[in-house]
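Novice: Take this structure first; my questions come after.
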Amino acid sequence: PNTEWAKDTAIVRDPAGYLLTGPDLLDRGMPPAGWPLERLPSFLETSVPGSFAAGDVRSGAVKRVAAAVGEGAMAVTLVHRYLRAG
């Protein structure tokens, strides 16, 4: 995946370089170290609250255009929800 830019951020990547999101960030039901919120990460949310990933850069993605489009649409909804929660 083209995620080299993430190495300089707090976004967690798997050994292959894919971005971990939502449930894939959890370790025995606990969020990653440094997760600042009381809630768990949303499905497409990275280890940085309010930062979402969709499509081929996401660990576990189906690697299909239609799936990426659907995830992108879902990410927009999750961003709106995140911004409303303020």
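Novice: For Pro1, work out the one condition from (1) touching an Asp or Glu at 6+ places or on another chain (Cβ under 9 Å); (2) assigned to a loop (DSSP other than H, G, I, E, B); (3) modelled with pLDDT of 95 or more it doesn't fulfil.
Specialist: Looking at each condition in turn, Pro1 falls short on (3).
Novice: What number of residues in the stretch 21-34 are open to solvent by less than 30 Å² (accessible area, probe 1.4 Å) and either part of a loop (DSSP other than H, G, I, E, B) or of a type in the set (Asp, Glu) (or both)?
Specialist: Within the stretch 21-34, residues that are open to solvent by less than 30 Å² (accessible area, probe 1.4 Å) and either part of a loop (DSSP other than H, G, I, E, B) or of a type in the set (Asp, Glu) (or both) number 2.
Novice: Looking only at the stretch 59-74, filter to residues that are within 25 Å of Gly86 (Cβ to Cβ) and in contact with a helix residue (DSSP H, G or I) (Cβ under 8 Å, 6 or more places away or on another chain); which one of those is surrounded by the fewest Cβ atoms within 10 Å (Cβ to Cβ)?
Specialist: Gly72
Novice: Filter the stretch 40-55 down to the residues that are under 16 Å from His80 (Cβ atoms) and part of a loop (DSSP other than H, G, I, E, B), then identify the one that is most open to solvent (accessible area, probe 1.4 Å).
Specialist: Among them, the one singled out is Phe43.
Novice: Any idea which of Val48, Val76, Val62, Val57 is at pLDDT below 90 and of a type in the set (A, V, I, L, M)?
Specialist: Step by step, each of Val48, Val76, Val62, Val57 is checked, and only Val62 is at pLDDT below 90 and of a type in the set (A, V, I, L, M).
The values are calculated or read from the model by the stated rules, or taken from the named source; none is laboratory data. Remember, it's a predicted structure, so these values are computed and weren't measured experimentally. All Cβ positions, glycine included, derive from the backbone under ideal geometry; neighbour counts span all protein chains shown. Ligands, DNA and RNA are stripped out before the accessible areas are found, and what is left, the full protein with its side chains, is counted by its heavy atoms. Shrake-Rupley method; radii C 1.70, N 1.55, O 1.52, S 1.80 Å.
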